[in-house]
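J.: Handing you a structure now.
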């Protein structure tokens, strides 16, 4: 009988302090590895999410530029270091209006695209200026209608076309070559390039 009680008490005695410390150390090492894996997985997911967002914004920006340039004329096109200004024949409703006498297209507005840094983020901005007197044929985009004119005119409200667009360059040739550079905190960079033929 004594032998049985001795065996039972030996089996139920539990862990020693040394065994408990070793098992806690091993558990901590495993949990640190799991935490690192989770943190890196979340970081990888966030970087890819940002990359997808930058790609979507860049493609949308390029499509918007192409739509405005498709309506444009090379004679009504001005390029500058940070963007361009172009004549646009569409009226306020987005329609084309033709002169009743000559049948020529009436040009209603100028459109400016430029990049700007606001609160640490790069933006591609689009600003419209409706001409006081629409012209028959493309309006001449003189230095009076520079990008600085659009920036300085408080009555003109720019619209954000896309975020993360760091630079916009256009060649002064026909077809014009348009380049966009998108950048998000130097973790994701994307370059887009297209050529567009402008009418005469």
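J.: Arranged by the count of other C-beta atoms within 10 angstrom, fewest first, what order do 190, 62, 31 take?
T.: Ascending number of Cβ neighbours within 10 Å: 31, 190, 62.
J.: Pairing the Cα long axis of helix 17-70 with the longest principal axis of the chain, what angle in degrees results, from 0 to 90 and rounded to the nearest 10?
T.: On a 0 to 90 degree scale, this one is about 10.
J.: Build a GNM of the chain with springs between Cα atoms under 10 Å: which of 161, 22, 86 gets the top mean-square fluctuation?
T.: Top of the fluctuation ranking is 22.
J.: Among 174, 183, 163, whose mean-square fluctuation peaks in a Gaussian network model of the chain (Cα, cutoff 10 Å)?
T.: Sorting by GNM fluctuation, first place goes to 174.
J.: Related question: Report relative contact order for segment 54-169 in percent, whole number only (criteria: Cα-Cα under 8 Å, sequence separation at least 6).
T.: Answer for segment 54-169 is 30 percent.
J.: Also, quick follow-up: For semi-axes √(5λ) of the Cα gyration tensor in Å, one of (1) 34, 21, 14; (2) 68, 15, 14; (3) 32, 18, 15 was computed from the structure I shared and the rest are decoys. Which label?
T.: It is the one labelled (2).
J.: Enter the angle in degrees (range 0 to 90, nearest 10) between the Cα long axis of helix 2-11 and the first principal axis of the Cα atoms of the chain, meaning the one along which they spread out most.
T.: Long axis of 2-11 versus the principal axis of the chain: about 20 degrees.
J.: Multiply the residue gap between residue 116 and residue 193 by 0.36 nm, knock off their C-alpha separation, and tell me the result in nm, one decimal place.
T.: Extending this stretch completely gives an extra 25.8 nm.
J.: Obtain the nm distance between the two label points defined at residue 29 and residue 153 by a simple spin-label model: each point lies 7 Å from its Cα along the Cα-to-C-beta direction.
T.: In this crude label model, residue 29 to residue 153 measures out at 7.1 nm.
J.: Still on this structure, I have one more. Within segment 129-163, whose backbone N sits under 20 Å from a point 7 Å along Cα→Cβ of residue 50?
T.: Of the residues in segment 129-163, 162-163 have backbone N under 20 Å from the label point off residue 50.
J.: Highest GNM mean-square fluctuation, the chain, Cα pairs closer than 10 Å: which of 120, 137, 14?
T.: Of the options given, 14 has the highest mean-square fluctuation.
J.: Could you list 67, 116, 57 so that the one with the fewest beta carbons within 10 Å of its beta carbon is first and the one with the most is last?
T.: 67, 116, 57
J.: With each run of n ≥ 4 DSSP H residues scored as -39500 (n - 2.57), what mean residue ellipticity at 222 nm is computed for the chain after dividing by its residue count and rounding to the nearest 500 deg cm²/dmol?
T.: Here the helix-only value at 222 nm equals -12500 deg cm²/dmol.
No lab work stands behind these numbers, since they all come straight from the coordinates. Since the structure is predicted, the reported quantities are computational estimates derived from the model, not experimental observations. No Cβ is skipped: glycine too gets one built from the backbone with ideal geometry, and neighbour counts run over all protein chains shown.
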